[in-house]
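**Q** Can you keep this structure in mind? I'll have questions shortly.
The values are calculated or read from the model by the stated rules, or taken from the named source; none is laboratory data. Quick caveat: nothing in here was measured; it's all calculated off a predicted structure. Cβ: placed from backbone, ideal geometry, glycine included. Neighbour counts: every protein chain shown.
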Amino acid sequence: MAPPTTYTPPPLPTPFNNTHPAPTLLTQGAEARLYKTTHLTPTTPAALKVRPSKPYRHPILDRRLTRQRILQEARCLAKLVREGVPVPALLALDWEGQGAGNAHGGESGIGGAWLLMEWIDGLVVRVVLERWERLVRAEGRISGVEEERVRDFMRRIGNSVGALHRAGVVHGDLTTSNLILRPASPGTAEAEEEDGRVDMDGEVVLIDFGLAAQSAQDEDRAVDLYVLERAFGSTHPHTEQFFEEVLKGYRESFKAAATALKRLEDVRMRGRKRSMIG
Amino acid sequence: MIAIGLEGSANKLGVGIMLHPNDGSTPQVLANIRHTYVSPPGEGFLPKDTARHHRSWVVKLVRKALKEARLSVQDVDCICYTKGPGMGAPLQSVAVAARMLSLLWGKELVGVNHCVGHIEMGRLITGSTNPVVLYVSGGNTQVIAYSSQRYRIFGETLDIAVGNCLDRFARTLHISNDPAPGYNIEQLAKKGTQLVELPYTVKGMDCSFSGILAAIDGLAATYGLGGKEEEIATPPVTTPAVDATGENGNGSITTKPTRADLCFSLQETIFSMLVETTERAMAHVGSTEVLIVGGVGCNERLQEMMGIMARDRGGSVHATDERFCIDNGIMIAQAGLLAYKTGFRTPLKESTCTQRFRTDDVFVKWRD
Amino acid sequence: MSALETISIPHLPSSMPVHVALYRDVKNAPFLRQQLISGNADFEYALIDASMVLSRTHLLTAVFRAANDYLNGRLKSRNIHSEIVFSFSPTNNIADSFRKFGIADSTTDLLLVKVSVTPEITHDSVAAHLNQSIEGTPAPFDNETLSGISDVSKIKKVYKLGALGSSNPKKAAGVVHDEMKQLELSVIGAIALRGAT
């Protein structure tokens, strides 16, 4: 087949066509594009998520789905902020996108719904663990101090997931790429490794609620945990042995955690998703 | 090397003969014959009737295939048959036929996974090397990508297959099953203009279709559109918006939908779900190519929608026509021969069949 | 002396700066409110009771929401300035939003917002008009001043955030510690989601 031509992402919806400097594209998933930009002041960083309309589907269905999903994500974020769960706060939102009632017109297929979120500083947990595993491999052993540090870090991951579930929300795509370690003091994230130690202090913030839903069912909670467990298995072979600490941190974070953990055993047994991850 | 392939996991009985030239040049289809058991409108095909159909046709089809390929029995290297997944009784009748030929001719057996057959045939015909595969038929709905010796299932239906959803709605409308219910729905959908709101159930890369079927069956009943067409009076009356999902959406209908509108809406909804989950898998594995296989893959609207999605990702869609999309014997011969060449054999005492046989259970030794 | 601040908000067209002024000890609130009611075009401002405003971010969030709806041709009220007052509201009731966030006869701390939706609206034109119309003491539009004005318990009540923070698990569970920050972010979320069905 012909190689793809140089890809140019579609233009940004209003009002971001006014933005100077233009938002920087960070990632492009199947559903959404994520940009870094600012909000309200030129020095306040923010994350912009755009859900472009999908020209393959019927315009009525497209509007319905785009709107439903951006709202679902926004509602989850707003709720979690109210409950004090560490997630990026919802700052602004447009579920219509460019389209109905837009005085400025605009071609179909351009634009889409968007939401602006608080910018979370720090490294994704996947990178923190990769750095830590590299260090451990280089040294050939895990010292008692290092083991306690990583165990504590894992418990804090469990605490954050527990806080999420406690608030009645399930994530839907819980991997170590969707967790950010927000350093206790800003600006320390990048300058790690040099002193031969990987910083694991700080708060574990949950991100990307694109597949999240409001649910308090043990099954949904258990699937969240199972997906996270599988992600550790496939991505962090040296850290997997400490995953029990994640579950420990989870257990101590809310009362109904016990039944969700019980359900996790069933989900593991079923293993329906066994071949799907990685 | 030459393989004969026998397929009968559903209502199609297929016999195909595939040649893989020893010089490594492009494989050739020497014969590809099919006979379909067609049930009357409003009815599905039952396992025992389908099995009887396969039993009474299999010898005729094998003879015809050999004749068409201008081959004698001695030229054949192995006998490939569908081990599963599929309907028990039809699978069994074809497995018995394969065993009988194996003993009669003294040729070795190769049991083939039906889904892998579709994938390998699609790859061969389209030349697509490493696509994300959407496998959609009356019995299966899977989003598949290859990784280290397995066709891994990234997403699948959580209840009924997409083709089953279409077939059963065709029954509700008493649409003919000849040549296929899905084909007739597709033709009717072309006349549809109005989108009625239906549930849309995607969970990550998985889909669910049973709720949609219940909703559209309900709409057909509400508007008196079920049953035979000639019995239905269709004056365009304005009725209050009916909302199948109980949601308040912009898509609510304002005038009474027609049978065509329902077919159109069903297709638009379920195909959007398929394209969405396929796109998610493509993003996940970083692929830009899609291959659609299985009977529903013949649908031109599905191909069109998939094409738009793939184009927007800087890639392309590959699909085959009804000769290869719909169940056939040649795909079993193709996948079987690939395995046979790596030394794979199915001993007689293991030449069983199974209704459940996951795509990712097959060790794909013939790929890197 | 005028305390009028002119702000360029990212994402809004550069031709659309926002002018904000904060006045304390306002003496002529009934007069100003009357101009609003009678539809006097000279007094087309967003007139906000500053006790209902937590911070600069709170105000700018409402302005941004109104401006985006304006740019997309989706105003629910008469103009962008009435829409700013409405945009503070967590509910869809416009009259109610004016009662809760808009100027009242008893208002003494007043925030005024004017957006340059036409080229004639400039910093100088707005400053001049405010100087002759507002009987009050100009104050800087900053968080320090606002924190001395805002009625936090009333704001919590209007946004139905009374229970905020009380149900937090222990700090080890990684919760937001700064209660005011959490309140502000919760309010912003409510503004963003207003009207979502």
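**Q** Being within 14 Å of the chain's Cα centre (by Cα), more than 14 Å from every other protein chain (Cβ to nearest Cβ) and at pLDDT below 95 is the requirement here; does residue B:164 meet it? Let's see the steps before the verdict.
**A** Details: within 14 Å of the chain's Cα centre (by Cα): yes; more than 14 Å from every other protein chain (Cβ to nearest Cβ): yes; at pLDDT below 95: no.
No; evaluated as a whole, the condition is false for this residue.
**Q** Exactly one condition in (1) over 24 Å from the mean Cα position of the chain (by Cα); (2) buried (at least 19 other Cβ atoms within 10 Å of the Cβ); (3) under 16 Å from residue B:337 (Cα atoms) is not met by residue B:5; state its number.
**A** (1)
**Q** Of everything in region C:46-99, what is touching a helix residue (DSSP H, G or I) at 6+ places or on another chain (Cβ under 9 Å), more than 13 Å from chain A (Cβ to nearest Cβ) and among the charged types (D, E, K, R)? Give them in sequence order.
**A** Hits for region C:46-99 are C:49, C:83.
**Q** A follow-up question, please. If you go through region B:29-79 one residue at a time, how many are more than 27 Å from residue B:177 (Cβ to Cβ) and in a loop (DSSP other than H, G, I, E, B)?
**A** So the count comes out to 6.
**Q** If you scan region B:3-47, which residues turn out to be small (Gly, Ala, Ser), more than 14 Å from residue B:77 (Cβ to Cβ) and in contact with a Leu (Cβ under 7 Å, 6 or more places away or on another chain)?
**A** Listed by number, the residues that qualify are B:8, B:9.
**Q** If you don't mind, another one. All but one of (1) within 23 Å of the chain's Cα centre (by Cα); (2) modelled with pLDDT of 90 or more; (3) not assigned by TED's automatic domain parsing to the domain that holds residue A:182 hold for residue A:29; state the number of the condition that does not hold.
**A** All conditions pass for residue A:29, except number (2).
**Q** To continue, here is another question. Do any helices (runs of 4 or more DSSP H) entirely within region C:67-174 hold 3 or more residues that are free of Cβ contacts under 8 Å to residues at least 40 places away in the same chain and not aromatic (Phe, Trp, Tyr), and if so, which?
**A** Values: elements: C:80-87, C:94-101, C:123-133, C:143-147, C:152-158.
Fully inside region C:67-174 and qualifying: C:80-87, C:94-101, C:123-133, C:152-158.
**Q** Only one of these conditions is not met by residue A:67: (1) part of a helix (DSSP H, G or I); (2) charged (D, E, K, R); (3) farther than 23 Å from residue A:206 by Cα. Which number is it?
**A** (3)
**Q** Would it be correct to say that residue A:162 is under 18 Å from the mean Cα position of the chain (by Cα), part of a helix (DSSP H, G or I) and farther than 29 Å from residue A:93 by Cα? So that I can check it myself, show each step before the final result.
**A** Details: under 18 Å from the mean Cα position of the chain (by Cα): yes; part of a helix (DSSP H, G or I): yes; farther than 29 Å from residue A:93 by Cα: no.
In short, no.
**Q** Another one. Give the residue, chosen from A:120, A:110, that is modelled with pLDDT of 95 or more and part of a loop (DSSP other than H, G, I, E, B).
**A** Details: A:110 fails: modelled with pLDDT of 95 or more.
After applying the criteria, what remains is A:120.
**Q** Going through region A:27-49 one residue at a time, which ones are in a strand (DSSP E or B), within 14 Å of chain B (Cβ to nearest Cβ) and of a type in the set (A, V, I, L, M)?
**A** Of region A:27-49, the ones in a strand (DSSP E or B) are A:27-28, A:33-39, A:41-49.
Right, trim to within 14 Å of chain B (Cβ to nearest Cβ) and you get A:27-28, A:33-34.
Hit for region A:27-49 is A:34, nothing else.
**Q** Also, quick follow-up: Name every residue in region A:192-207 that is closer than 18 Å to residue A:160 by Cβ, modelled with pLDDT under 95 and crowded, with 20+ Cβ neighbours inside 10 Å, in order of residue number.
**A** A:199, A:200, A:202
**Q** Just to verify a result, which residue in region B:98-109, among those that are surrounded by fewer than 23 Cβ atoms within 10 Å (Cβ to Cβ) and not charged (D, E, K, R), is farthest from residue B:146 (Cα to Cα)? Lay out the reasoning, then the answer.
**A** First, the residues of region B:98-109 that are surrounded by fewer than 23 Cβ atoms within 10 Å (Cβ to Cβ): B:99-108.
Filter again for not charged (D, E, K, R), leaving B:100-106.
Working: B:100: 34, B:101: 33, B:102: 31, B:103: 35, B:104: 37, B:105: 35, B:106: 34 Å.
Residue satisfying both the conditions and the ranking: B:104.
**Q** For the subset of region A:1-16 comprising residues that are more than 8 Å from chain B (Cβ to nearest Cβ) and out of contact with any His (no Cβ under 9 Å at 6 or more places or on another chain), which member is modelled with the lowest pLDDT? Let's see the steps before the verdict.
**A** Taking region A:1-16 as the starting set, the residues that turn out to be more than 8 Å from chain B (Cβ to nearest Cβ) are A:3, A:6, A:8-16.
Keeping just the survivors that are out of contact with any His (no Cβ under 9 Å at 6 or more places or on another chain) gives A:3, A:6, A:8-13.
Working: A:3: 49, A:6: 56, A:8: 64, A:9: 65, A:10: 73, A:11: 82, A:12: 88, A:13: 88.
Here the residue is A:3.
**Q** Somewhere in region B:253-272, is a residue crowded, with 16+ Cβ neighbours inside 10 Å, of a type in the set (Lys, Arg), at pLDDT 95 or above and touching a helix residue (DSSP H, G or I) at 6+ places or on another chain (Cβ under 9 Å)?
**A** To start, the set of residues in region B:253-272 that are crowded, with 16+ Cβ neighbours inside 10 Å comprises B:253, B:256-272.
With of a type in the set (Lys, Arg) added as a condition, the list becomes B:256, B:259.
Next, only the ones that are at pLDDT 95 or above stay: B:259.
If we keep only those that are touching a helix residue (DSSP H, G or I) at 6+ places or on another chain (Cβ under 9 Å) as well, we get B:259.
Scanning region B:253-272 turns up at least one residue that is crowded, with 16+ Cβ neighbours inside 10 Å, of a type in the set (Lys, Arg), at pLDDT 95 or above and touching a helix residue (DSSP H, G or I) at 6+ places or on another chain (Cβ under 9 Å).
**Q** Within region C:1-15, can you find the residues that are within 14 Å of chain A (Cβ to nearest Cβ), of a type outside the set (Ser, Thr, Tyr), part of a loop (DSSP other than H, G, I, E, B) and surrounded by fewer than 19 Cβ atoms within 10 Å (Cβ to Cβ)?
**A** Going residue by residue through region C:1-15, those that are within 14 Å of chain A (Cβ to nearest Cβ) are C:5-15.
Checking the rest, the ones that are also of a type outside the set (Ser, Thr, Tyr) come to C:5, C:7, C:9-13.
Next, from what is left, pick out any that are part of a loop (DSSP other than H, G, I, E, B): C:9-13.
Matches in region C:1-15: C:13 only.
Here is a yes/no grid of residues against (1) more than 17 Å from residue B:183 (Cβ to Cβ); (2) more than 10 Å from chain A (Cβ to nearest Cβ); (3) of a type in the set (A, V, I, L, M, F, W, C); (4) surrounded by fewer than 23 Cβ atoms within 10 Å (Cβ to Cβ):
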residue: B:277; (1), (2), (3), (4): yes, no, no, no
residue: B:283; (1), (2), (3), (4): yes, no, yes, yes
residue: B:288; (1), (2), (3), (4): yes, no, no, yes
residue: B:300; (1), (2), (3), (4): no, yes, no, yes
residue: B:314; (1), (2), (3), (4): yes, no, no, yes
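**Q** When you go through (1) at the interface with chain B (Cβ under 8 Å from one of its Cβ atoms); (2) among the aliphatic types (A, V, I, L, M); (3) touching a helix residue (DSSP H, G or I) at 6+ places or on another chain (Cβ under 8 Å) one by one for residue A:74, which number turns out not to apply?
**A** (1)
**Q** Would you please name the residue that is surrounded by the fewest Cβ atoms within 10 Å (Cβ to Cβ), looking only at residues in region A:165-185 that are in a loop (DSSP other than H, G, I, E, B) and within 12 Å of chain C (Cβ to nearest Cβ)? Break it down stepwise before answering.
**A** Step one: filter region A:165-185 for residues in a loop (DSSP other than H, G, I, E, B), giving A:167-168, A:171-175, A:183-185.
Subset that is within 12 Å of chain C (Cβ to nearest Cβ): A:167-168, A:184.
Details: A:167: 21, A:168: 15, A:184: 11.
Per the criteria, the residue is A:184.
**Q** In addition: Go through B:122, B:111, B:106, B:88 for me and flag whichever is small (Gly, Ala, Ser), touching a Lys or Arg at 6+ places or on another chain (Cβ under 6 Å) and either within 25 Å of residue B:298 (Cβ to Cβ) or in the same structural domain as residue B:349 (by TED's automatic domain parsing) (or both).
**A** B:111 is the lone residue from the list that is small (Gly, Ala, Ser), touching a Lys or Arg at 6+ places or on another chain (Cβ under 6 Å) and either within 25 Å of residue B:298 (Cβ to Cβ) or in the same structural domain as residue B:349 (by TED's automatic domain parsing) (or both).
**Q** Shifting gears a bit: Considering (1) closer than 30 Å to residue B:263 by Cβ; (2) buried (at least 24 other Cβ atoms within 10 Å of the Cβ); (3) away from every other protein chain (no Cβ under 14 Å), say which one residue B:112 fails and leave the rest.
**A** Single failed check for residue B:112: (1).
**Q** Of the residues B:121, B:87, B:100, which single one is over 22 Å from residue B:326 (Cβ atoms) and away from chain A (no Cβ under 14 Å)? Before the answer, list the steps.
**A** Working: B:121 fails: over 22 Å from residue B:326 (Cβ atoms); B:87 fails: over 22 Å from residue B:326 (Cβ atoms).
Matching residue, one of B:121, B:87, B:100: B:100.
**Q** If you don't mind, another one. Among the residues that make up region B:177-197, is at least one of them among the aliphatic types (A, V, I, L, M), within 14 Å of chain A (Cβ to nearest Cβ) and not in a loop (DSSP other than H, G, I, E, B)? I'd like the intermediate steps shown before the answer.
**A** Restricting attention to region B:177-197, the residues satisfying the condition of being among the aliphatic types (A, V, I, L, M) are B:180, B:185, B:188-189, B:195-196.
Applying the additional criterion that residues be within 14 Å of chain A (Cβ to nearest Cβ) yields B:189, B:195-196.
Among the residues that remain, those that are also not in a loop (DSSP other than H, G, I, E, B) are: B:189.
Yes.
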